[in-house]
1. For Val382, only one of the following conditions fails: (1) aliphatic (A, V, I, L, M); (2) touching a residue at least 60 places away in the same chain (Cβ under 8 Å); (3) open to solvent by less than 60 Å² (accessible area, probe 1.4 Å). What is its number?
2. Condition first: without any contact (Cβ under 8 Å) to a residue 60 or more places away in the chain and open to solvent by 10 Å² or more (accessible area, probe 1.4 Å). Now tell me which residues in the range 107-131 satisfy that.
3. Exactly one of these conditions fails for Ser77: (1) open to solvent by less than 60 Å² (accessible area, probe 1.4 Å); (2) modelled with pLDDT of 95 or more. Give me its number.
4. With the requirement that a residue be surrounded by 14 or more Cβ atoms within 10 Å (Cβ to Cβ), under 20 Å from Glu223 (Cβ atoms) and among the charged types (D, E, K, R), what does the range 431-459 give you?
5. Starting from the range 438-459, take each residue that is under 17 Å from Ile12 (Cβ atoms) and list its partners that are open to solvent by 20 Å² or more (accessible area, probe 1.4 Å) and in a helix (DSSP H, G or I), counting only C-beta distances under 7 angstrom and pairs at least six apart or across chains.
6. For the range 78-120, how many residues are part of a loop (DSSP other than H, G, I, E, B) and either more than 24 Å from the chain's Cα centre (by Cα) or of a type in the set (D, E, K, R) (or both)?
Amino acid sequence: MDHLGNLEPTTICHVMALPFPGRGHINPMMNLCRSLASKRPDILITFVVTEEWLGLIGSEPKPDNISFGTIPNVLTSERARAGKFPAFLQEVLTKMEAPVERLLGQLKPPVSTIVADTYLMWAFEMANRNNIPVASLWTMSVPVYSVFQHFDLLVQNGHFPIELKERGEELVEYIPGISSTRVVDLPTCVYGHGRDILHRGFEAIASVSKAQFLLFCSVYELESQAIDALKASISLPIYHIGPAIPYFKLEQEEIVTGPGETTNYFRWLDMQPRGSVLYVSQGSTHSAPSAQLDEIAAGLRDSGVRYLWVARAEASLFKEGCGGMGLVVPWCDQLRVLCHPSLGGFWSHCGWGSTSEAAFSGIPLLTFPLYLDQAPNSKIIVDDWKIGWRVKSGLDVDKLIKRDEIAGLVKRFMDSESDEVKEMRRRAREISEICRRAIRKGGSSDTSIDAFIDDILQHHKN
């Protein structure tokens, strides 16, 4: 602990960070911790992960005042949990608490604040039992939080339960702070995929009442109405700290590589014309059915557009048929790719992390949501920010989108001479500037993180 100088252990603010064990939750939690650690080198942070996750992220560079605390591998492996989210969530809710509380009792100096993912409901009870102030970190968009917070309004207005094919186009116009939204653009657990974990969303939001602070991974200027409406209805202090993405890595010279990976794809990007490459990624956990992936592969090839496709498990299958215009890789440094001058578009599943990275990078999106919050994120991108197009239209969310439709859409989307595309790219640059202003010194997110630090230090002194 020599980097903490001569501080007495009792004066050290020691934060325990408890992310939900999934890429879309670990990343924003680590980005928050990096911000805290770089702003206040006298804050000590223990970032809690399973031994498996330590193997996945333990070698990434981080500030000296962040260290990892590990618990045993009590959960199904990352490699085996795809498509089994309800069962995995149940494991997280029942198997993590005991080893985490054991670790909490062993850490020195004693933990003075806990920051836990909102979905780790047990963490808030654990913090209260141990008389430790706790912050809830919500890693999805604010409108999704609002839908769960005001779910009773959906019931009162006859929009839950609902048959999507009959009433999916109906508008929901009564949730405070949320712009007019079609039923089909609500989180999928309201009407379809994920209904079996809908109750977990309610439980997670209910657990926030046991916290002392609430953190949103959002940029105030981009979600101000939703944030203001929640501030009016929640008694907790609310902080908006987005985009919670690894923008600090962009200042490092070295390019982070995945396991066994080289950065040949950057050499390939360097050779492509400005704004000509479509980046394609369907996310790390929930994937489209294989028949749909085949159609996407054929549609990309037939479009004649340059593309870089991250296709994790399927990479070897799609390399064969990608033609001369495409490059398929199993992993890439996504934010750095999106910021590359050759990028002109992003085909995305619309997880909040990827949505935030695209917004920061100023890249328009083709939205292909699959699960939970991805549907409302697609609506934010297309209807609110106006920086994207939907791949799927209509109410049949499971409909197979054919290759010729994909090829035509991709071609139009990447046509830099089109007035519609020019306007969308201009708008994306505006959104990017809003994100970058927010994290600059004195910007809305920078100021909000400072306020959170002041508040946890104040609690610590008391």
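The values are calculated or read from the model by the stated rules, or taken from the named source; none is laboratory data. Keep in mind that what you see is a predicted model, and the values were worked out from it rather than measured. Cβ sites come from the backbone with ideal geometry, for glycine too, and all protein chains shown count toward neighbours. SASA here: full protein model, heavy atoms, side chains in, ligands and nucleic acids out. Shrake-Rupley method; radii C 1.70, N 1.55, O 1.52, S 1.80 Å.
1. Answer for Val382: the failing condition is (2).
2. Initially, the range 107-131 is screened for residues without any contact (Cβ under 8 Å) to a residue 60 or more places away in the chain, giving 122, 126, 129-131.
The answer is Trp122, Arg129, Asn130, Asn131.
3. (2)
4. Correct list: Arg436, Arg437, Asp446, Asp450.
5. Ile453/Lys39
6. Matching residues across the range 78-120 total 8.
Every residue, every condition in (1) open to solvent by 90 Å² or more (accessible area, probe 1.4 Å); (2) among the small types (Gly, Ala, Ser); (3) without any contact (Cβ under 8 Å) to a residue 60 or more places away in the chain; (4) outside any helix (DSSP H, G or I), yes or no:
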| position | (1), (2), (3), (4) |
| --- | --- |
| Val397 | no, no, no, yes |
| Leu400 | no, no, no, yes |
| Glu405 | no, no, no, no |
| Lys411 | yes, no, no, no |
| Lys422 | yes, no, yes, no |
